Amino acid sequence: MEKDIRILAIESSCDETAASVSVNGEIRSNIIASQIDIHRLYGGVVPEIASRNHLLNISAVVEHAVAESGLSLEDMDCVAVTHGPGLVGALLVGVSYAKALSYSLGCRFMGVNHMQSHISACFLAGARPPFICLVVSGGHTMIVNVKDYTEFELLGTTRDDAAGEAFDKVARVMGLEYPGGAKLDELAEKGDPFSISFPLAMLGEDNYDFSFSGLKSAVLSHLNTMKMKGEEYKKEDVCASFRRCVVEILTEKTVKAALSTGAERISVCGGVACNSLLRRELSRKAAENGMSFYVPERVYCSDNAAMVARAAYHKYLKGEFSDLSLNASPSLML
């Protein structure tokens, strides 16, 4: 390589304002300003509030990331930014800032797909294409055949709720503090996963799609029935039983996809990849089938800019840049 490739990456698709600097794909800094404490008051992300806080945070976050990298803004070869999918107002803050910064520096500009970034977090964990990747978060659940660093084949996706969305909705009904998915996971570790029988939706169907709305409804129906009867129930057991079903569906479909495509490696990414049982079960199933398993560090599973920087590096090598007419694309597909 004749010259180092230095990339400043920005992420603002939801409620984390993040920036990262990479050199030849290696992460030099990864700064995240979280809004969890702000949105906890409302039990979920409020788009308008998220956008306003991105405006307040983005300059300081970028300055911090550049300073920690040991480089300067003038050293950057490219400014990359998430331009979709996500909350339109939040995306616009990042895209507008990145375009202005790229123009002022006279360097390359690049829009990056948020889903491609999550998959690229697996590269930070040592995964190398080809492999089967389970992308699972609050807004997305999909199985992707990662053929190359920038080549992806979507094998299956959710037909309704994403797995993370189902976790959060069940947690909210049970009165768990936001972010509910993480709290549910903690309680589930203390419960009996076979104490309640919930449906394993679409597990027997010959496809790689998911459906979690029925499972979510079954949990809510169970809780309502217990309430009407005036019967006590253990939150730990409900959480454990629900989590077991979600994880079994995710795991079985992912391994099935790997076996059918002949993949020797599987990986998982996205916010739900922080789930304790999911990490354990995918690791166990991979070992049973002679496959290697990769999962990013937890800081790279939730929204961050290091994954954007890594995705941008591989796009840079292919010459996949954007012009300054690029706009936010809240419904962008992989």
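The values are calculated or read from the model by the stated rules, or taken from the named source; none is laboratory data. Please read these numbers as outputs of a predicted model, since none were measured by experiment. Ideal geometry is used to build each Cβ from the backbone, glycine not excepted, and the neighbour counts take in all protein chains shown.
So the values come out like this:
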read-out	value
Options Ala65, Ala33: the member that is part of a helix (DSSP H, G or I), modelled with pLDDT of 95 or more and within 20 Å of Ala100 (Cβ to Cβ)	Ala65
Neighbours by Cβ (under 8 Å, 6+ apart or cross-chain): first from segment 32-61, in the same structural domain as Ala19 (by TED's automatic domain parsing) and without any contact (Cβ under 8 Å) to a residue 24 or more places away in the chain; second small (Gly, Ala, Ser) and in a helix (DSSP H, G or I)	Gln35/Ala50
Selection count where residues are within 22 Å of the chain's Cα centre (by Cα) and outside any loop (DSSP other than H, G, I, E, B), scope segment 197-221	4
Single residue of segment 222-237 satisfying the filter (under 22 Å from Gly181 (Cα atoms) and part of a loop (DSSP other than H, G, I, E, B)) that is farthest from the chain's Cα centre (by Cα)	Tyr233
Matching entry among Arg310, Arg280 (being charged (D, E, K, R), in the same structural domain as Ile10 (by TED's automatic domain parsing), at pLDDT 95 or above and within 30 Å of Asp185 (Cα to Cα))	Arg310
Any chance Tyr208 is buried (at least 20 other Cβ atoms within 10 Å of the Cβ), among the aromatic types (Phe, Trp, Tyr) and in the same structural domain as Asn145 (by TED's automatic domain parsing)	yes
Subset of segment 239-263 (residues that are among the charged types (D, E, K, R) and either in contact (Cβ under 8 Å) with a residue 60 or more places away in the chain or within 23 Å of Arg298 (Cβ to Cβ) (or both))	Arg243, Arg244, Glu248, Lys253
Residue count for segment 32-48, restricted to those that are within 17 Å of Gly138 (Cβ to Cβ) and over 21 Å from the mean Cα position of the chain (by Cα)	1
Some residue of segment 81-98 being surrounded by fewer than 21 Cβ atoms within 10 Å (Cβ to Cβ) and more than 26 Å from Asp323 (Cα to Cα)	no
Residue satisfying condition, being over 17 Å from the mean Cα position of the chain (by Cα), at pLDDT below 95 and charged (D, E, K, R), within set Lys147, Lys169	Lys169
First in segment 218-238 and in the same structural domain as Ala188 (by TED's automatic domain parsing) and farther than 23 Å from Asp161 by Cβ, second anywhere and among the aliphatic types (A, V, I, L, M) and at pLDDT below 95, Cβ under 8 Å, 6 or more apart	Glu232/Met226
